[in-house]
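The values are calculated or read from the model by the stated rules, or taken from the named source; none is laboratory data. Treat the numbers as computed from the prediction; the structure is a model and nothing was measured. Positions of Cβ are generated from backbone atoms using ideal geometry, with glycine treated the same way; all protein chains shown enter the neighbour counts.
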Amino acid sequence: MKKNKKIIIESDCLGDTIAWVPIIDKYRQVNNYRITLACNYRDIFVKEYPELLFVDKAGVQEGGHDIALTLSHFITDTDFKGEPIAKGLVPNMEFHKKDWRTTSLQQIASDILDLPPEEVQSKVEVPDLEPSVIGKYVCIGTQSTIQNKYWNNPDGWQDVVDYLRGKGYNVVCIDQHRYYGHSDSNTWNTIPHGVIDKTNSGLDLWDRINDLHHAEFFIGLGSGLSWLSWAVGTHTFMISGFSDPFYEFQSNITRISQDDINVCSGCFNNAKYPFERDNWNWCPEHIGTEREYECSKRISSDTVIEHIEKWIQV
């Protein structure tokens, strides 16, 4: 008789959920368990993982699970220099086997579930729908949840959109928000001009999946829409400075990041930095200086366009 295991993905993030569901399914296969999985976004996974029993996370009582997938942490009030901060997260090594700042996102789940580190392709249901956009097009995702995840080159997105339109592509922005940021620091980000704007639909995942499925490729950040693109099977160009290249998925991706050793990058994966999750302007060494967000600010639009050109010509 199969043993029952109840697992909850405590994270509310789309990217975390997409990354961890296939690891949970691998755990089921390796151990021959019957798995009940409580998570967000369960509708997009149900048909692709028929051996997992998905339930609504909101209906799971506290403690009503055997295993929780989460970035367990302690809270510190000082940074790596001993200076006071609002609140920083330091991995709880009584829970995790490895510091989650130094592993890939998928490996966080593998470590909790005692599985060897291995990238496992995620899957989501792709509805059998016609494209919602006429002609060849590209999807982009420009918004994120903290400023250092953005492509902080002020001209970058517009240059790339103008280039793509010049090549005959429609550009479809599938962000959830047209205008997003943080009121306390008066930091705001807007989507580029000249795009087909899908932000008025909020975050309709079925619409996003269909748009990604029919797109030539996707250009995004180290965020949930890039993971969704990967799960759909669409080639992803990821522009990222806050994380190291090992952190996100490695297949079907062109990663565009900072390779200049004199430029600060990868702060999220640096074990000396407590992660200040609630600090929108987190840039642990350079905030308020000329070097703030240089990890992505110094990724030029020419660099991104060169990568796109190479991929188009293959």
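Listed conditions (1) under 22 Å from residue 249 (Cα atoms); (2) part of a strand (DSSP E or B); (3) small (Gly, Ala, Ser) are all met by residue 38, apart from (1).
Taking residues in segment 282-303 that are under 15 Å from residue 221 (Cα atoms) and modelled with pLDDT of 95 or more, and partners anywhere that are among the aromatic types (Phe, Trp, Tyr) and surrounded by 15 or more Cβ atoms within 10 Å (Cβ to Cβ), the pairs with Cβ atoms closer than 6 Å and at least 6 places apart or on different chains are 296/151. Return yes when residue 255 is in contact (Cβ under 8 Å) with a residue 40 or more places away in the chain and either surrounded by 18 or more Cβ atoms within 10 Å (Cβ to Cβ) or basic (Lys, Arg) (or both) and no when it is not. Against the criterion (in contact (Cβ under 8 Å) with a residue 40 or more places away in the chain and either surrounded by 18 or more Cβ atoms within 10 Å (Cβ to Cβ) or basic (Lys, Arg) (or both)), residue 255 does not qualify. State yes or no: is residue 251 in a loop (DSSP other than H, G, I, E, B) and closer than 29 Å to residue 135 by Cβ? When the stated conditions are applied, residue 251 passes them. Of the listed requirements (1) part of a loop (DSSP other than H, G, I, E, B); (2) buried (at least 21 other Cβ atoms within 10 Å of the Cβ), residue 273 misses just one: (2). Residues in segment 1-16 that are within 24 Å of residue 233 (Cα to Cα) and buried (at least 23 other Cβ atoms within 10 Å of the Cβ): 2 in all. Screening segment 299-313 for residues that are surrounded by fewer than 18 Cβ atoms within 10 Å (Cβ to Cβ) and not hydrophobic (A, V, I, L, M, F, W, C) and picking the one that is farthest from the chain's Cα centre (by Cα) gives 313.
The single condition among (1) farther than 20 Å from residue 287 by Cα; (2) of a type in the set (S, T, N, Q); (3) at pLDDT 95 or above that residue 132 does not meet is (3). State yes or no: is residue 96 closer than 22 Å to residue 272 by Cα, assigned by TED's automatic domain parsing to the domain that holds residue 25 and not small (Gly, Ala, Ser)? Judged against the criteria, residue 96 is a match.
The condition of being crowded, with 19+ Cβ neighbours inside 10 Å, without any contact (Cβ under 8 Å) to a residue 60 or more places away in the chain and either among the acidic types (Asp, Glu) or in contact with a strand residue (DSSP E or B) (Cβ under 6 Å, 6 or more places away or on another chain) (or both) does not hold for residue 138.
The set of residues in segment 56-102 that are among the polar types (S, T, N, Q), within 28 Å of residue 44 (Cα to Cα) and either surrounded by fewer than 17 Cβ atoms within 10 Å (Cβ to Cβ) or in contact (Cβ under 8 Å) with a residue 40 or more places away in the chain (or both) comprises 61, 70.
Looking at segment 118-130, is at least one residue farther than 27 Å from residue 235 by Cα and either crowded, with 21+ Cβ neighbours inside 10 Å or touching a residue at least 24 places away in the same chain (Cβ under 8 Å) (or both)? No: segment 118-130 contains no residue that is farther than 27 Å from residue 235 by Cα and either crowded, with 21+ Cβ neighbours inside 10 Å or touching a residue at least 24 places away in the same chain (Cβ under 8 Å) (or both).
Looking across segment 246-265, the residues that are out of contact with any Ser or Thr (no Cβ under 6 Å at 6 or more places or on another chain) and not aliphatic (A, V, I, L, M) come down to 248, 249, 250, 251, 252, 254, 255, 259, 260, 262, 264, 265. Considering every residue within segment 14-29, establish whether at least one is over 21 Å from the mean Cα position of the chain (by Cα) and either at pLDDT below 95 or of a type in the set (Asp, Glu) (or both). No; the residues of segment 14-29 include none that is over 21 Å from the mean Cα position of the chain (by Cα) and either at pLDDT below 95 or of a type in the set (Asp, Glu) (or both).
Of the residues making up segment 211-259, those that are of a type in the set (Asp, Glu) and closer than 22 Å to residue 45 by Cα are 211, 248. Go through the residues of segment 161-181 one by one and say whether even a single one is closer than 15 Å to residue 133 by Cα, among the small types (Gly, Ala, Ser), touching a residue at least 12 places away in the same chain (Cβ under 8 Å) and surrounded by fewer than 21 Cβ atoms within 10 Å (Cβ to Cβ). Checked segment 161-181: at least one residue is closer than 15 Å to residue 133 by Cα, among the small types (Gly, Ala, Ser), touching a residue at least 12 places away in the same chain (Cβ under 8 Å) and surrounded by fewer than 21 Cβ atoms within 10 Å (Cβ to Cβ). Of the residues screened, residue 201 is not one that is buried (at least 18 other Cβ atoms within 10 Å of the Cβ) and closer than 22 Å to residue 40 by Cα. Of the candidates 98, 57, the single residue that is touching a Pro at 6+ places or on another chain (Cβ under 9 Å), closer than 19 Å to residue 20 by Cα and charged (D, E, K, R) is 98.
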